[in-house]
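The values are calculated or read from the model by the stated rules, or taken from the named source; none is laboratory data. Given the structure is predicted, the values throughout are model-derived calculations rather than measurements. Using ideal geometry, Cβ is built from the backbone for each residue, glycine included, and neighbour counts are taken over all protein chains shown. Note: accessible area is taken over every heavy atom of the protein model, side chains too, but ligands, DNA and RNA are not part of it. Shrake-Rupley method; radii C 1.70, N 1.55, O 1.52, S 1.80 Å.
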Amino acid sequence: MNHFELRDGEMFCEDVSLAQVAGAVGTPVYVYSSATLERHFTVLETALAEAGLKGEDGRAPLIAYAVKANPNLAVLATLARLGAGADTVSEGEIRRALAAGVPPERIVFSGVGKQAGEIRFALEAGISEINVESEPEMRLVARVSRDIGRRVRIAFRVNPDVTAGGHAKIATGGADNKFGVSFSEAERLYAEAAGDPWLQPVGLTCHIGSQITALAPMEAAFGRMRDLVERLRARGLEVRRLDLGGGLGVPYFNQPEPPSPSAYAAMVAGVMAGLDIALAFEPGRVIAANAGILLARVLHIHERPEGRRFVVLDAAMNDLIRPAMYDAYHDLRPVQPRPGATAIADVVGPVCETGDTFTRDRELPPLESGDLVAFMSAGAYGASMSSEYNSRLLVPEVLVRGEDWAVVRPRPTYEDMLSRDARPPWLD
Ligand SMILES: *Cc1c(COP(=O)(O)O)cnc(C)c1O
């Protein structure tokens, strides 16, 4: 459920008219709903609690929101106020999480290519755990912790060799992709780390993919993770934490319906029954996707004599790349629907690439030049993957709360854009 609804013939985000936001900020612009973000976090938190799942010291499991889904500081701060932690994959994301008020002990640091400087920054900031993804990375973390003279808590990211996820580009759990160590490596490295004066292995993590709409692959992966915990413990090694990653899918309109948070939590409780372990989760999409839309304006309706009809928008692939990159489906709705018959059209942006096509042959409600439209479910991996390709200004973001709204990332000016480049002295 989300808080984008028609009221008296026009779409609102909570109690704010989207037409009013578009008039004030211009388009394209992302608009996020605080109430939806909060609701998604709370629904997941409640589902985990009701399934009897526990985190460290008997408290609730850590929900480390995956910052990359939507890293806007206002979004992070909204979630931080509810007690969310942060799953980060770069120093930039750690800095964002800290700036938004996420306590360092609720931040975990994942990613296959962490650099020494980033690891050092993370340790000095006091973040709770480094998720180690390979043997060379383990050696690097040990070296950095020796340099700064502090023992560091690590968890091993294990690749459970289960493929899942809505698209090949977002499946991360197969043995042939770059993420994590194998089961046999995990056993060997865990034992080695336990004997290293600078490393304190505290647990295991996995994350098998994104936009997962079936429980079975997750259940299989989590079962293998449980077996590994038991094998390590049988060898006398301490395993306190098991971080099960993110990946839970969201309903993108005509897509397969994902499992509910309570079905997911019940599945986890079933797999982990009788195992005394602190659980953590790293959801991104399921928190943010349906809490945001991309608001755009129809520039032209272009009808080819042969019959193809193109709806040209002022938003493009640089603002929302998911359709071009993952063949993703986003529902497209008029903000002020008109009466009339539907028509089949391609929806495209102004960028000079054929890939700048949001959808082909889509049956759409009546639209005219100047109309506002909303790409639904665009709150995750939308603005966070935006760029200035074609020298288009970086898309701005707005956060709504009740009847209040604020620009939480302004649209840059062309001067801002140009001033970031520098001219080498030999061209003067
Ligand atoms: C991207 C990512 C997540 C979040 O994935 P969602 O599908 O958005 O829930 C969690 N953990 C790690 C390590 C990730 O890379």
Problem - Number of the exception - Tyr190 against (1) modelled with pLDDT under 95; (2) touching a strand residue (DSSP E or B) at 6+ places or on another chain (Cβ under 9 Å) - result: (1)
Fill in the blank from the handout: Here the residues within region 41-59 that are modelled with pLDDT of 95 or more and either open to solvent by 30 Å² or more (accessible area, probe 1.4 Å) or outside any helix (DSSP H, G or I) (or both) are Thr42, Val43, Glu45, Thr46, Ala49, Glu50, Ala51, Gly52, Leu53, Lys54, Gly55
Fill in the blank from the handout: Counting only strands (runs of 3 or more DSSP E) entirely within region 328-428, those with at least 1 residues that are under 19 Å from Gly26 (Cα atoms) are 332-334, 343-348, 372-375, 397-401, 404-409
Exercise for the section: Looking only at region 278-327, count how many residues are in a strand (DSSP E or B), surrounded by fewer than 24 Cβ atoms within 10 Å (Cβ to Cβ), touching a helix residue (DSSP H, G or I) at 6+ places or on another chain (Cβ under 9 Å) and assigned by TED's automatic domain parsing to the domain that holds Pro366. Expected result: 1
Exercise for the section: Of all residues in region 1-38, count the ones that are polar (S, T, N, Q) and assigned to a strand (DSSP E or B). Expected result: 2
Handout entry: Filter pass, Arg241 being more than 30 Å from Ser377 (Cβ to Cβ), within 16 Å of the ligand (Cβ to nearest atom) and open to solvent by less than 50 Å² (accessible area, probe 1.4 Å)
Key = yes
Exercise for the section: Give the residues of region 182-225 that are part of a helix (DSSP H, G or I), open to solvent by 40 Å² or more (accessible area, probe 1.4 Å) and within 16 Å of the ligand (Cβ to nearest atom), sorted by residue number. Expected result: Leu215
Exercise for the section: Please list, ordered by first then second residue, the pairs with beta carbon atoms under 7 Å, 6 or more apart or interchain, first in region 62-83 and outside any helix (DSSP H, G or I) and within 11 Å of the ligand (Cβ to nearest atom), second among the small types (Gly, Ala, Ser) and open to solvent by 20 Å² or more (accessible area, probe 1.4 Å). Expected result: Asn70/Ser384
Fill in the blank from the handout: Among Phe179, Phe156, the single one that is of a type in the set (Phe, Trp, Tyr) and either modelled with pLDDT under 90 or in a loop (DSSP other than H, G, I, E, B) (or both) is Phe179
Exercise for the section: Keeping to region 2-13, report how many residues are in contact (Cβ under 8 Å) with a residue 60 or more places away in the chain and surrounded by fewer than 19 Cβ atoms within 10 Å (Cβ to Cβ). Expected result: 3
Exercise for the section: Identify the single condition in (1) over 26 Å from Phe183 (Cβ atoms); (2) part of a loop (DSSP other than H, G, I, E, B); (3) away from the ligand (no atom under 14 Å from the Cβ) that Tyr252 does not satisfy, given that it satisfies every other one. Expected result: (3)
